[in-house]
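Notes to accompany the following structure.
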Amino acid sequence: MDKNGYFGNWGGAFIPEVLHQTFEDLKREYIKARQDPAFWQEYLSLMSTYSCRPTPLTHAENLTRHFGGAQIYIKREDLNHTGAHKANNVIGQGLLVKRMGKKRVIAETGAGQHGMATATMAARFGFECTIYMGEVDVQRQRPNVFWMEKMGATVVPVKDGSRTLKDAINEAFRDWVTNIDDTHYVFGTACGPAPFPEMVSWFQSIIGQEAAGQIQARHGGMPARIYACVGGGSNAMGIFGRFLQEPGVELVGVEAGGKGIASGMHAVRLGGTDASPGVAQGYKTMFLQNEDGQMLETHSVAAGLDYVGVSPILADHWEKGRVRFESATDDEVMEALDLTMKMEGIIPALESSHAFVQAFKEAPGLSPSEAIIINMSGRGDKDIFTIAHAFQDPSWKAFIIQKGLEYSK
């Protein structure tokens, strides 16, 4: 990142004047933290005792035999506290909030995992907490909403626009502008105005640091490819970061193909042709937008992947050809999820399952002496309603109807 917050042609900090000093304060504390070895050690200690780090690297032996190609390894961020990689970022930002002396945190969330992690962090550190979540996502991620509220957070359903992640981000920024003195916005992904993209990627870099040592110990060398789903880009940057300077390691980001790119019901920014450069929500990147710069409707079976923009860091790596981008449709995602559950007893989140799709397509073409890593960014229990509906599970449907009747009495 240069002094203006750019990564090549992407990034920056397009913010209202009222937030200028707040961002200067945040950048100052972030830079001080990066230069202080004691801060990172405190972070690692907290993640190892409060969360579940290091998370394991699992050799998927059954899937490897099934596809008959590369050795398939899964980085298990689903075993991190709150069930996803999101805890890495929020705990780090929580430590910065303590340094800044603020007492309230706000956040946006799509799939609910970032909201869940932020509510957990706020409870741990004693902060007041408000979570903004699109009304559509509130409905399809109700279990996470329940737990956020039980941990003391206020969950605000956003009814504007498409009522999904981009609208939750807009509402969170409105809150921050009016409460800058005591509030910190815990941005959930590697997007937004600088220093958020770099800062979030730094906290998430713990994933790749662990994975590099683990694959060398298990496989005896670097992997041939690494796969990660891409919504905003935090889990992808988390595992890609350590391997960017390893030219022999191919990095593959997988976006939400939804109903298919031709249908227009998708969230493919860097792996297709529907996105274009733009400035919104405080930064410059590739957005799904029309000729007038109005954001388009997006779709994904995974609530965390239907964002209209993408990390400016990933946009830079895409432009330079360092990261390859593909997409997976909803149907392909359900097939990969089903296969992984039945063959490995592991339940990936719908977001993570996008990465599994592409890995499964490409693993057979590689040698058994090569290894690939799939970053499993979260676990699928949060998606039980969506997954059960997609599978048309009759017993689950009967259960829901019965519970509805009981609650209505």
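The values are calculated or read from the model by the stated rules, or taken from the named source; none is laboratory data. None of these values were measured; they are calculated from a predicted model. With ideal geometry, Cβ positions are generated from the backbone for all residues, glycine too; neighbour counts draw on all protein chains shown.
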- Any idea how many residues of the range 281-304 are outside any loop (DSSP other than H, G, I, E, B) and modelled with pLDDT under 95? 3
- Note on the structure: For the range 194-214, pairs from a residue that is closer than 18 Å to Gly5 by Cβ to a residue that is part of a helix (DSSP H, G or I) and charged (D, E, K, R), with Cβ under 6 Å and 6 or more apart or across chains, are Pro195/Lys27
- Only one of (1) of a type in the set (Phe, Trp, Tyr); (2) in a helix (DSSP H, G or I); (3) under 15 Å from His184 (Cα atoms) fails for Phe146. Which number is that? (3)
- Please tell me if Tyr73 is surrounded by fewer than 20 Cβ atoms within 10 Å (Cβ to Cβ) and either under 23 Å from the mean Cα position of the chain (by Cα) or under 30 Å from Lys361 (Cα atoms) (or both). no
- Selection from the range 274-322 of residues that are under 17 Å from Gly11 (Cβ atoms), surrounded by fewer than 24 Cβ atoms within 10 Å (Cβ to Cβ) and of a type outside the set (A, V, I, L, M, F, W, C): Ser276, Pro277, Gly278, Gln281, Gly282, Lys284, Asp316, Glu319, Lys320, Arg322
- Task: For the range 4-56, enumerate the residues that are touching a residue at least 60 places away in the same chain (Cβ under 8 Å), polar (S, T, N, Q) and surrounded by 14 or more Cβ atoms within 10 Å (Cβ to Cβ).
- Result: Thr22, Thr55
- Item | Which listed residue, of Val186, Val158, Val200, Val177, is over 19 Å from the mean Cα position of the chain (by Cα) and crowded, with 24+ Cβ neighbours inside 10 Å | Val158
- Item | the range 316-332, residues that are free of Cβ contacts under 8 Å to residues at least 40 places away in the same chain and either of a type in the set (D, E, K, R) or more than 30 Å from Gln245 (Cα to Cα) (or both) | Asp331
- Task: Might you let me know whether the range 226-233 holds any residue that is farther than 30 Å from Leu366 by Cβ and surrounded by 24 or more Cβ atoms within 10 Å (Cβ to Cβ)?
- Result: no
- Would you mind stating whether His66 is under 28 Å from Ala371 (Cα atoms) and assigned to a helix (DSSP H, G or I)? yes
